[in-house]
Amino acid sequence: MGLGESSIRKETEQNMEAVTRVQRIAEAGIGQVPPEYIQPPDQRPNKPMSESPSPPNNIPAVDLSKESESIQDEIGRACREWGAFHVINHGVPLELLRQMRSVGRSFFEECPMPDKLKYACDSSSAASEGYGSKMLVNDGSVLDWRDYFDHHTLPLSRRNPNRWPESPPNYRRVVAEYSDEMEALAEKLLKYMSESIGLASSCIKDAVGEFYQNITVSFYPPCPQPELTLGLQSHSDMGAITLLIQDDVEGLQVLKDGDWITVQPLADAIVVLLADQTQIITNGEYISSQHQAITNARKARLSVATFHDPAKTKKISPSSALISESSPPRYRGVVYGDYVSSWYTKGPDGKRNLDALLIDKMEYLCDGVAARIEVRSTKWTTNGWKKRCTTSGGDER
Ligand code: OGA
Ligand code: NI
């Protein structure tokens, strides 16, 4: 079903008023970014880092052409320590990666703005398909220095290439093929992750269920004041697993032990980012990656992120095979649609939405009576069980 001419025009008009395209601002050649794009000092890039003597200079790279045991070992380590890694020799045709970057870039750089706006998404509804930029809402949040095009690709019932750009002529075919290749790779990676944590091969994929896949092409125009802005604010992805390719312009950063590490683009590799539902399913043994994108003054940057999420109706909980008396559940179960709604209402703010599902250790041990006990509760964080509060007083929650 294609969008009727009239509904396209309506969306275009609505969105031209509501949203400013970053690319337009960048092309106007201003020397200073508008105030809506200026991050508060503690969120700006390159702020003082942890004291670690020499932070690592890239995420691990896992070679998928090795034998399975070594792949499992390396993936297990990367998922525990980073939540992010490159895969190389991944089997996805390199020509398809090149074409995907090329059609994405062509939409942003060659399609005239009025034509681009024909594909404007409905920015008042979350994750709507099409051409978008973050909309200014009155909640004190800062705008990202980024425009994007979001494609709904899986299940097939959501895929309608008529809603995607028609130029260049191979655009729609490339996105459809890319979607299929990413789905297969995501499934393969979840299989390795299940095996590496001691679960049956299909365990994590079964817990996620049918993939809901979106492909987002992000375009980060050059920014006159990169030290004040972010291309994309710090967050972890909310679904199960994200596969990302980028061009040769660096900008993606992942948080590792308090340091922002810039992911050095590795030609032909695919970046794997673990997302929040995988952290819940693995009961926190594998961590979702907290990441952000920075901008630069010289060159536009392009990335293509492919998100694999559960259905909105799917209930996600720690896998029962990982729960025992000595390894209690760390997260409450959540219906994925509720997780998404709270993410959109409260914003990402690092990993706060995941932290909100943490189970108090006392709550678990005492079956809900912990709130009334004098001993202060403890809380599990990614750094282990931690005292939550040392002073007396009311319940903190
Ligand atoms: C995202 C994301 C990073 C990038 O789209 O969720 O984190 O480098 N993108 O574009
Ligand atoms: Ni992300």
Residue hits (segment 166-191; without any contact (Cβ under 8 Å) to a residue 60 or more places away in the chain, surrounded by 14 or more Cβ atoms within 10 Å (Cβ to Cβ) and within 30 Å of Pro114 (Cβ to Cβ)) are Arg172, Ala176
State whether the residues of segment 78-85 include one that is touching a Ser or Thr at 6+ places or on another chain (Cβ under 8 Å) and of a type in the set (A, V, I, L, M). yes
Reported set for segment 123-139 where residues are open to solvent by less than 30 Å² (accessible area, probe 1.4 Å) and over 21 Å from the mean Cα position of the chain (by Cα) is none
Checked segment 156-206 for anything of a type in the set (D, E, K, R) and touching a Gly at 6+ places or on another chain (Cβ under 9 Å); matches are Arg163, Glu181, Lys188, Glu195
Per the filter on segment 95-122, residues open to solvent by 30 Å² or more (accessible area, probe 1.4 Å) and among the hydroxyl-bearing types (Ser, Thr, Tyr) are Ser102, Tyr119
Per the filter on segment 302-318, residues away from ligand 1 (no atom under 16 Å from the Cβ) and of a type in the set (Ser, Thr, Tyr) are Thr313, Ser317
Looking across segment 291-331 at residues that are part of a strand (DSSP E or B) and among the charged types (D, E, K, R), the single one that is farthest from ligand 2 (Cβ to nearest atom) is Lys315
Taking first residues from segment 226-248 that are without any contact (Cβ under 8 Å) to a residue 24 or more places away in the chain and second residues anywhere that are of a type outside the set (Ser, Thr, Tyr) and assigned to a loop (DSSP other than H, G, I, E, B), the pairs with Cβ under 7 Å that are 6 or more apart or on different chains are Asp248/Pro265
Across (1) crowded, with 19+ Cβ neighbours inside 10 Å; (2) more than 14 Å from ligand 1 (Cβ to nearest atom), Ile215 clears everything bar (2)
When segment 33-82 is checked residue by residue, the ones that are at pLDDT below 95, out of contact with any helix residue (DSSP H, G or I) (no Cβ under 8 Å at 6 or more places or on another chain) and surrounded by 13 or more Cβ atoms within 10 Å (Cβ to Cβ) are Gln43, Pro55, Pro56, Asn58
Say whether the condition of being near ligand 1 (Cβ under 10 Å from one of its atoms) and part of a strand (DSSP E or B) is met by at least one residue in segment 278-290. no
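Okay, residues lined up against (1) more than 11 Å from ligand 2 (Cβ to nearest atom); (2) surrounded by 20 or more Cβ atoms within 10 Å (Cβ to Cβ):
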| site | (1), (2) |
| --- | --- |
| Cys203 | yes, yes |
| Phe219 | yes, yes |
| Ala240 | yes, yes |
| Glu250 | yes, no |
| Leu266 | yes, no |
| Ile270 | yes, yes |
| Ser288 | no, yes |
When segment 121-159 is checked residue by residue, the ones that are closer than 24 Å to Ile30 by Cα, away from ligand 1 (no atom under 15 Å from the Cβ) and touching a Ser or Thr at 6+ places or on another chain (Cβ under 6 Å) are Met135
*Does Ser194 fit the bill of being open to solvent by 10 Å² or more (accessible area, probe 1.4 Å), more than 16 Å from ligand 1 (Cβ to nearest atom), within 30 Å of Gly284 (Cβ to Cβ) and among the polar types (S, T, N, Q)?*
no
Of (1) surrounded by 13 or more Cβ atoms within 10 Å (Cβ to Cβ); (2) closer than 27 Å to Ser202 by Cα; (3) modelled with pLDDT of 50 or more, Arg352 fails just (2)
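The values are calculated or read from the model by the stated rules, or taken from the named source; none is laboratory data. The structure displayed is predicted, hence computed values, not measured ones. All Cβ positions, glycine included, derive from the backbone under ideal geometry; neighbour counts span all protein chains shown. The accessibility values were calculated without ligands, DNA or RNA, using every heavy atom of the protein model including side chains. Shrake-Rupley method; radii C 1.70, N 1.55, O 1.52, S 1.80 Å.
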